[in-house]
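The structure under discussion appears below in the form of structure tokens.
The values are calculated or read from the model by the stated rules, or taken from the named source; none is laboratory data. Treat the numbers as computed from the prediction; the structure is a model and nothing was measured. Methodologically, a virtual Cβ is constructed for each residue, glycine included, from the backbone with ideal geometry; neighbour enumeration extends over all protein chains shown. Surface accessibility is based on the protein's heavy atoms, side chains included, excluding ligands, DNA and RNA. Shrake-Rupley method; radii C 1.70, N 1.55, O 1.52, S 1.80 Å.
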Amino acid sequence: MTRCSWGAGETLFRAGEGADALYIIAEGRVRLSQRAADGTERATDILGPSMPLGAVGVGRRTVQRETAEALVDTCALRIEQAVFHQILLEHPTVAVRVVEAVTDRLSQLQNETGGWMTRPVAARLAAVLLRLSVRLGRDRGHRGILLDVPLCRADLAGLTGSTPESVSRVLSRWKEEAIIDSGRRWVALLDVEHLRRTAAEGWDGAVAVADEPRLRSS
């Protein structure tokens, strides 16, 4: 594997470009996005350390499906497609883990598409915040769980399939009720149990976060 690094705001790769390598994030935060029908870029996921990104084909040419941008200074390890395929052939246990990872991702996507857009904005937003808190949260004790990533309202809107205005209204209400605290590009979860109840109302798939990194303590 080779080491690659990008500064905040730099693009790792763009949707439609040829995909010839897989990346494993060593340090930093990466936003994945896709172009919507109206031409705007909408966030589809936020990734952190130990998480893979990129697309690699098996015996065929593959293109990147999403654009990846470094939200902060980011370092990743890059493995060429041919080398990755050879590892899968020589080490079946690695291949099994890859299949498990793909299956988990497909399960998450099915949960989020199966009735996802019919859920209230508050339920979708709570589910997204909980998932990000497991991946990227920093436990600050009585000050709540800080999402250790610069997030704007547009990012949260993309992740929830909503609008920045709707997300802002929900966050403002939760802030008044001391469920969360927030600033221009940050969010802290103060009442996790309330968010869990909100996310799970009538649908449990939103909060599935198995096998992801645990919270870091401050």
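Quick look at the values:
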quantity: Karplus-derived 3J(HN,Hα), 6.51/-1.76/1.60, for each residue of the stretch 68-77, Hz, glycine and proline x; calculated: 10, 10, 6, 7, 9, 4, 10, 10, 9, 9
quantity: Computed E for R42/E90 - FRET, C-beta separation, R0 45 angstrom, nearest 0.05; calculated: 0.70
quantity: Rounded to the nearest 10 Å², the accessible area of W186 at probe 1.4 Å; calculated: 90
quantity: Rounded to the nearest 10 Å², the accessible area of M1 at probe 1.4 Å; calculated: 130
quantity: Vicinal HN-Hα couplings computed from phi for the stretch 164-170 (Karplus, 6.51 cos²θ - 1.76 cosθ + 1.60; Hz; Gly/Pro x); calculated: x, 5, 5, 4, 4, 5, 5
quantity: Interchain or long-range residues, amide H under 5 Å from D45's placed H; calculated: L32
quantity: Cleavage-rule hits (GluC sites (Glu not before Pro)) in the stretch 118-206: DSSP loop, at most 14 neighbouring Cβ within 10 angstrom; calculated: E177, E201
quantity: Spin-label model distance (nm) - E201 vs T103, 7 Å beyond Cα toward Cβ; calculated: 3.4
quantity: In Hz, Karplus ³J(HN,Hα) per residue of the stretch 6-14 (6.51, -1.76, 1.60; θ = phi - 60°; x = Gly, Pro); calculated: 9, x, 4, x, 7, 9, 6, 6, 10
